[in-house]
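Below is one structure; the comments refer to it alone.
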Amino acid sequence: MKHFTLIGILGLLAGCSSLCLAQPLNPDPGFETGQSGWGKPFVPADSQNRGCTLAFSAEDPHAGNLCAVMSSESDSRFAITPKGGTINVLPGQTYAISIWSKAGADFKIHPKTPGFIIRVDMLKGTQQVESLYIDASGKVSGTIGHDGPVIPDSWTQVKGQVSVPDGTSRMRVNIFFWRASGHLYLDDMAINPVND
Ligand SMILES: [Ca+2]
C-alpha cells in the first residue's frame, strides 16, 4: 500500500514540475551558455570607446555555473537582450520580468541617473508603440527617471510587471547598464506571462 502511495506522490510531483514551474519565455535565463547565448551588447553612440564590456563569470553566480558581468570604464550606458531580440506577445496580457543583480565594489552610478534600468519596448512589427522602464526597485514608469535605488552588493531580485498595450505584437526586453561605471553582476533573468 505504501508503495502505491509513494508512486502516487511522485506522479503528482512530476505533473507539477512541468505545469507549476513554467519555463521562462527568454532563452538561457541563467546565462549558462555565456557569449554564444547572448551575443554582443548594444552600445549607443554616446558610449562608444568607454570600455563597455559583457563578460561571464564563474565566481559567485546567483545560481548555476555562470553569471553575466556588465562593466565600463567611465560613465556610459549599454544593453543586452536575450538572443532572438523580441518575443511575440498578446495585447492586454501582463508579463512579469525578473532579474537578479549585484553591484561590484567599483560600481558607481553617475549623478541623477538610475544606473540600471530594464527598458521594455512594445512593438508593432519594427515600429515602437511604447517603452516602459523598470528600475532596480521594480517601479514601472513611462520615463527613465533621474534616480534609482542603491544597487546592493549582494544578490537582489529586481522584478516588475508590464501590460501589453493595444496594437502591440512583439516585446523586446533590454537590460541596461545606464550611466554608470565599474562592474554589475546579473543572473537568472525571467520573462513570464502573469495568469490572473
Ligand atoms: Ca547562472
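Points to keep in mind about this one:
- Condition check for GLY104: over 30 Å from ASP166 (Cα atoms), more than 16 Å from the ligand (Cβ to nearest atom) and surrounded by fewer than 20 Cβ atoms within 10 Å (Cβ to Cβ): yes
- In region 28-50, the residues that are on the phi > 0 side of the Ramachandran plot and away from the ligand (no atom under 16 Å from the Cβ) never reach a residue that is modelled with pLDDT of 95 or more and small (Gly, Ala, Ser) with C-beta atoms less than 6 angstrom apart, at least six apart or across chains.
- Candidates ASP147, ASP135, filtered to the one that is surrounded by fewer than 17 Cβ atoms within 10 Å (Cβ to Cβ) and either at pLDDT below 95 or among the acidic types (Asp, Glu) (or both): ASP147
- Whichever residue in region 158-196 is more than 16 Å from the ligand (Cβ to nearest atom), within 20 Å of PRO29 (Cα to Cα) and of a type in the set (Phe, Trp, Tyr) and, among such residues, is surrounded by the most Cβ atoms within 10 Å (Cβ to Cβ): PHE177
- Odd one out for TYR133, checked against (1) in a strand (DSSP E or B); (2) out of contact with any Asp or Glu (no Cβ under 9 Å at 6 or more places or on another chain); (3) farther than 17 Å from PRO165 by Cβ: (3)
- Residue in region 51-68 that is assigned to a loop (DSSP other than H, G, I, E, B), modelled with pLDDT under 95, buried (at least 18 other Cβ atoms within 10 Å of the Cβ) and under 19 Å from the mean Cα position of the chain (by Cα) present: no
- Subset of region 70-88 [in a strand (DSSP E or B) and surrounded by 14 or more Cβ atoms within 10 Å (Cβ to Cβ)]: MET70, SER71, SER72, SER74, ASP75, SER76, ARG77, PHE78, ALA79, ILE80, ILE87
- Of residues in region 114-126 being at pLDDT 95 or above and surrounded by fewer than 20 Cβ atoms within 10 Å (Cβ to Cβ), the one nearest to SER154 (Cα to Cα): ARG119
- The lone criterion from (1) within 24 Å of SER47 (Cβ to Cβ); (2) assigned to a loop (DSSP other than H, G, I, E, B) left unmet by PRO91 is number (1).
- Residues being at pLDDT 95 or above and exposed (fewer than 10 other Cβ atoms within 10 Å of the Cβ) - total across region 1-48: 1
The values are calculated or read from the model by the stated rules, or taken from the named source; none is laboratory data. Source: prediction; values computed, not measured. FYI the Cβ positions are ideal-geometry reconstructions off the backbone, even for glycines, and counts take in every protein chain you see.
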